Amino acid sequence: APFAAEDEADELIDDNVGDAFQIDFLSSDGSQELQFGDRVRIVADHSAGGDANSIYTYMGNGETVDLTHTDYTNLDFWKEDLATQLVPQGLNISDSDSRAIGGMVVRNDVRSTVESFVDNVTFTTDAIEINAYENATIVALNDGTVISSGGSAYGSGESLAINGIIATNLVLSSSNAYITNSDMTTSTGDLSIDAKNTSIVDATTKSVTTTGDTAVGVTLAFNTIGWEAQNILFQTVDAIIGTDIGDEKPSEVKAYIEDTKLNIAGNLSLNAESTATLTSSVSNDATSAASALVNASGMAVSGIISSNMVSSLAQAYINFTDTETQGQVAVAGDISIHSKDEADIVST
């Protein structure tokens, strides 16, 4: 009986504390359209995850969420409001030291070369089409969470959480379509050369470090398209002071004709397109939730070094290397020579 009375008293205190803070929803409200920063209070009978009577802040981008069946301990989307922990529970009487240390080192390296070509050939045909399409892709999700819970009701004892993530994603690629040292004739149709490079890096790196005393989180994220690999030290220096230590090797796409005699009955088309895309999302949350009857103290330190670099090249051309004589290009229809380079970085 006395234990039951104590539990009821604790619940009554927690109810009063919860009522003192502004909320947007209860966890029993079912499906709701949430916005970043919305606050949800956990009802006593919620069983999907989360501390009863605590308030959690939504950290997502905004969507419809079933609050009744949500796990509020999912640190990717929810953060407990420390103000609702004003009444500490479950505190230790004696020193209870705790340490949690987590580390992650991830390297993804993709290298790809695509070539379609005709070299040193003489032939006549109805039409000629040469295509080279390259799509080297990295999709990486790195998610590291470290939680340490210790200390005592009197502020003594140590609770330390350290979390470190190093993530590197690299793509080197090329896509070339060409004719060299040849003699091409089409009797009725076109000559078409088309090359495309759509290399993609989609990298998400998340770090969450939580403790009641000292929390330290460090995240290093390096993403490149069109740059040779280098060591972590050089990448860090590049990111901090903007140096150019690494070796550039552009993600290239070429559509070309070189040292080739052409007699085309239809149209001549050369097209080279590069749409290398790098999407990077990095977050590093360090939380120190000091909780004690007296002498509570805490410290949280977090740091991010993130670097995103894209080097790309698109070329379409007709060339004769012999400068003494002029090359022969006979085309009955239209001539189209087109190149487009639309490299893109989206970083959040």
Write out, first by first residue and then by second, each pair whose Cβ atoms fall under 7 Å of each other, whose residues are 6+ apart or on separate chains, and whose first residue, in the stretch 67-80, is over 17 Å from Ala286 (Cα atoms) while the second is of a type in the set (Phe, Trp, Tyr) and not in a helix (DSSP H, G or I).
Leu67/Phe25; Tyr72/Tyr56; Tyr72/Trp78
Counted residues in the stretch 177-234 being without any contact (Cβ under 8 Å) to a residue 60 or more places away in the chain and assigned to a loop (DSSP other than H, G, I, E, B) come to 3
Arg111 being of a type in the set (Lys, Arg), at pLDDT below 95 and farther than 26 Å from Glu342 by Cβ:
no
Counting only residues that are among the hydrophobic types (A, V, I, L, M, F, W, C) and surrounded by fewer than 14 Cβ atoms within 10 Å (Cβ to Cβ), which one in the stretch 22-62 is modelled with the lowest pLDDT?
Phe36
Would you mind stating whether Ala292 is closer than 19 Å to Thr137 by Cα, modelled with pLDDT under 85 and touching a Leu at 6+ places or on another chain (Cβ under 7 Å)?
no
Condition check: surrounded by 24 or more Cβ atoms within 10 Å (Cβ to Cβ) and modelled with pLDDT of 90 or more. Does Ala203 satisfy that?
yes
So Thr279 clears everything in (1) assigned to a strand (DSSP E or B); (2) buried (at least 18 other Cβ atoms within 10 Å of the Cβ); (3) at pLDDT 80 or above except one condition, right? Which one?
(2)
Filtering the stretch 101-146 for residues that are surrounded by 15 or more Cβ atoms within 10 Å (Cβ to Cβ) and over 23 Å from the mean Cα position of the chain (by Cα) leaves a count of 10
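The values are calculated or read from the model by the stated rules, or taken from the named source; none is laboratory data. Model, not experiment: these values are computed from the prediction. Methodologically, a virtual Cβ is constructed for each residue, glycine included, from the backbone with ideal geometry; neighbour enumeration extends over all protein chains shown.
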